[in-house]
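Data block below; observations after.
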Amino acid sequence: MRINWILAILMLLSAMSVAILLLLMKHEGNTALYIAQASSALSFLLLILFYRKIKKPLRSISNGINLLREQDFGSRLAHVNQHEADRIIDMFNGMMQSLKEERLKLREQNHFLDLLIGVSPMGILILDDKDTVKTANTAAATFLGFEKQSELSGMAIGMINSPLGMIISSIPLGGTVTERLNDSMIYRCSKLFFMDKGFPHPFILIEKLTDEIMKAEKKSYEKVIRMIAHEVNNTMAGVNSMLSTTGQILKDSDDTTYLELAELISVCKSRCSDMSGFITSFANVVKIPDADIKRSDLNLYLKNRRILFESLCSTRNISLNLDLSPEPLIAMIDPILLEQAFINIIKNSVESIGENGSINISTTANPTTVTVTDNGSGITPEVSRMLFSPFFSTKADGQGIGLLFISDVLAKHDCKFSLATGHDGLTRFTVRFPKKPSKHI
């Protein structure tokens, strides 16, 4: 309102000055000239005052725009001692305070989310619209075989060269899959999205389910096997006792017909013993003792067992070679349990080869790794996903307990392992030992 009054007065005085000047043109009197000069001076002063009254609020508005452009929400505008302008400035300062508080709250929330994502046991990959990794946490890098999450940044998920990478690259948006890999690890992977600035942003969640599922599986088959073993062995013990008694009576008889029956009973008794041994082998799988860890040199350990491993190969004309690293490989192992695990690994290689092949056992340092390589028939991708499942076997007479035993033993040593056929057609069972001593010491 004040500005409007000033503008009206200024316009009135300007009109009066013009009128006086016109009169002066007709009457060139001194009095009129003085009045005209005074009116002009007053108009000039009011014009300056009006300019300052308008310029100052405009400068404040310009400063406010600059603060918004620079996102400086901590600064405030000063009053210009004009009621209307000061009200606008108060509203602006209040808005800046609200923006500052909201921005601070958003930063705190983002910081919390960053911390949560960083320490989460679930792998998290945030992608762009071209399925390229923008952000990855430590768990995701570990699951995908990378040492640092920064190595994943800018990489298309289709270019991640690992079994788990192949799986997540094939998941459609909104899809979820659960897979068991060739290293016995089980993962549940989901591809979802969140909205940001009105656009969907995809991300991938990788959840490791190995421990939970394997514990549940082991608990289930332990109970079943022990119950079956108990019932079968008790029954077989009674049957064998009766067969032994009957066989002895028939052998003591002079009748040759009875002697033939005694031989049949002996065969039945042997078959019952085999059946008891068969079910006992299943029961032994769930009774693996805790590892008795000792400090050992893996190179020397494998050299001392070379003859044992060669005995598994010699009957099928399969050669066994040792390609050991020059430096000692110190690891914390249970010699007895690990020996049984390697016997099972080599037996699987021998059965995969059949006849006339070769097996190579190699070791490397940094990290400490033992690899058993064979040129057998190989493992198909379909079979690879079923490896280390309870009682799964590709052999007609297989019991499916060998890989279960190997998996349990290596888990007791905190080893990472994998079984896969490479592009060169060779099948490799790779065992990587931990850098630190096992937790089972």
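Scan the range 386-416 residue by residue and report those that are of a type in the set (A, V, I, L, M), open to solvent by 60 Å² or more (accessible area, probe 1.4 Å) and either more than 27 Å from the chain's Cα centre (by Cα) or at pLDDT 75 or above (or both).
Ala396, the sole residue that qualifies.
Given (1) modelled with pLDDT of 80 or more; (2) β-branched (Val, Ile, Thr); (3) not in a loop (DSSP other than H, G, I, E, B), identify the lone condition not met by Val383.
It is condition (1) that Val383 fails.
Which one is farthest from Leu104 (Cα to Cα), of the residues in the range 77-92 that are crowded, with 16+ Cβ neighbours inside 10 Å and not acidic (Asp, Glu)?
Among those that are crowded, with 16+ Cβ neighbours inside 10 Å and not acidic (Asp, Glu), it is Gln82.
Give the residue, chosen from Asp129, Asp114, that is open to solvent by 50 Å² or more (accessible area, probe 1.4 Å) and free of Cβ contacts under 8 Å to residues at least 40 places away in the same chain.
Only one candidate qualifies: Asp114.
I want to confirm something. Restricting to the range 316-348 and keeping residues that are polar (S, T, N, Q) and modelled with pLDDT of 90 or more, which single residue is farthest from Val409 (Cα to Cα)?
Residue satisfying both the conditions and the ranking: Ser319.
Examine the range 186-205 for a residue that is closer than 15 Å to Phe388 by Cβ and either out of contact with any Cys (no Cβ under 8 Å at 6 or more places or on another chain) or modelled with pLDDT of 85 or more (or both), and state whether such a residue exists.
Checking the range 186-205: at least one residue is closer than 15 Å to Phe388 by Cβ and either out of contact with any Cys (no Cβ under 8 Å at 6 or more places or on another chain) or modelled with pLDDT of 85 or more (or both).
Pull up the range 134-154, narrow it to residues that are open to solvent by 50 Å² or more (accessible area, probe 1.4 Å) and touching a residue at least 12 places away in the same chain (Cβ under 8 Å), then point me to the one that is farthest from the chain's Cα centre (by Cα).
Gly154
Any idea which of (1) modelled with pLDDT under 75; (2) over 30 Å from Ala139 (Cβ atoms); (3) not small (Gly, Ala, Ser) is the one Asn110 doesn't satisfy?
So Asn110 meets the others, but not (2).
Quick one: would you say Gly376 is under 35 Å from the mean Cα position of the chain (by Cα) and over 28 Å from Ala291 (Cα atoms)?
It is true that Gly376 is under 35 Å from the mean Cα position of the chain (by Cα) and over 28 Å from Ala291 (Cα atoms).
For the range 298-318, enumerate the residues that are in contact with a helix residue (DSSP H, G or I) (Cβ under 7 Å, 6 or more places away or on another chain) and within 11 Å of Ile359 (Cβ to Cβ).
Scanning the range 298-318 gives Phe309, Leu312, Cys313, Arg316, Ile318.
Among all residue pairs at least 6 apart or on different chains, which show Cβ distances below 7 Å where the first residue, located in the range 265-284, is of a type outside the set (A, V, I, L, M, F, W, C) and the second is at pLDDT below 70 and not in a helix (DSSP H, G or I)?
Ser281/Gln399; Ser281/Ile401
Between residues in the range 372-386 that are over 10 Å from Thr427 (Cβ atoms) and residues that are open to solvent by 40 Å² or more (accessible area, probe 1.4 Å) and of a type in the set (Val, Ile, Thr), which pairs lie under 7 Å by C-beta distance while being six or more apart or on different chains?
Hits for this filter: Val383/Thr394.
Within the bounds of the range 257-278, is there any residue that is part of a loop (DSSP other than H, G, I, E, B) and at pLDDT 70 or above?
No, that holds for no residue.
The values are calculated or read from the model by the stated rules, or taken from the named source; none is laboratory data. Small disclaimer: the values here were computed from a predicted structure and weren't measured. Methodologically, a virtual Cβ is constructed for each residue, glycine included, from the backbone with ideal geometry; neighbour enumeration extends over all protein chains shown. Just so you know, the surface numbers come from the protein's heavy atoms only, side chains and all, with ligands and any DNA or RNA stripped out. Shrake-Rupley method; radii C 1.70, N 1.55, O 1.52, S 1.80 Å.
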